[in-house]
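Everything on this sheet refers to the single structure shown next.
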Amino acid sequence: MKKYIIWDFDGTIANTNDIIIETWQATFKRFLGHEVPVKEIEATFGETLKHSILEKLPDAKYEDVRDFYREYQDSHCKGRAYVFPGVKELMERLCSEGYKIGVATSRTAYSFHRYTKELEIDHLIDELISMEDVKNHKPHPESITALLDKFGGKPEEAIMLGDTKYDIGCANNAGVDSVLVGWSHYVDEEDMAAAGYVPTYRIKTPSELLEII
């Protein structure tokens, strides 16, 4: 029986895709002088900001790019994100039925709480593991094992929902059942499989999770 429902945040709970893409395009224009194809940005979803910057902008000073990216998103994000249809209702039902909800995100705790407070879902989340809480980021299992330590739970008691290969890989590596969500953006499952990650389940709507757990 599952007791702990672990969620990714961006692209799983909330649609932050547009502001993330806009922020990256502004960053590329600032440091490269031009925008890049959106698919290149979508391919970074799930990565840490540091990893993406070092990979996409290796000739720029990391700290300068990081600060520009964060300041741009922070000043342009208000009113830009929304909870995916059916997700808040599912989280409310899970809470009412006694499940514990955790979030494993590559965001900073500050930016995460800014969004959850604006979206009025912070009260539905029992535990958070942000990028500051781990040394090894997804797909390394540390984010999930850290949450399970907080909950006092076992891998077989948990399930992880995510929209990228990094989420599925994190769950696979932690020995936790994984759910690939289909309400966010196109996911290249061939690329995911090539990395050695396969979701335990796939769902197209939030309510389908109830059939699994």
> Taking neighbour Cβ counts within 10 Å as the exposure measure, how do Met1, Met91 sort from fewest upward?
Replying inline: Met1, Met91
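Within 10 Å of each residue's Cβ, count the other Cβ atoms and sort Tyr197, Tyr99, Tyr186 from fewest upward. Present the calculation step by step, with values, prior to reporting the outcome.
Values: Tyr197 22, Tyr99 16, Tyr186 8.
Least crowded to most crowded, the residues run Tyr186, Tyr99, Tyr197.
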>> With angles folded into 0 to 90 degrees, how steeply does helix 109-118 sit against the dominant principal axis of the chain? Use alpha carbons for both and round to 10.
In response: 70
> In degrees, nearest 10, range 0 to 90: what is the angle between the Cα axis of helix 142-151 and the longest Cα principal axis of the chain?
Replying inline: 40
> Hey, got the dipole for the range 17-76? About the Cα centre, +1 on K and R Cβ, -1 on D and E Cβ, debye to the nearest 20?
Replying inline: 120
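With a ≥ b ≥ c taken as the square roots of the eigenvalues of the C-alpha gyration tensor of the range 17-76, please select rounded if a/c is under 1.5 and otherwise prolate if a/b is larger than b/c or oblate if it is not?
rounded
D for the chain, whole µm²/s, Stokes-Einstein with Kirkwood Rh over alpha-carbon pairs at 10 °C and 1.306 mPa s: what number?
Details: Rh = 17.5 Å.
Rounded, D is 91 µm²/s.
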>> I need to check one value: relative contact order of the chain, counting alpha carbon pairs closer than 8 Å and at least 6 residues apart, in percent.
In response: 25
> Does anyone have the angle between helix 165-174 and the longest principal axis of the chain? Alpha-carbon axes, 0 to 90°, nearest 10?
Replying inline: 40
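Give me the orientation-averaged projected area of the Cα convex hull of the range 115-209, in nm², one decimal.
About 6.7 nm², averaged over all directions.
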> Counting other C-beta atoms within 10 Å, which of Glu40, Glu35 has the fewest, and how do the rest follow?
Replying inline: Glu40, Glu35
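None of the figures in this text is laboratory data; all of them are computed from the coordinates on show. What you see is a predicted model, and the numbers here were worked out from it, not measured in a lab. Neighbour counts are summed over all protein chains in view; Cβ atoms, including those assigned to glycine, are modelled from backbone coordinates with ideal geometry.
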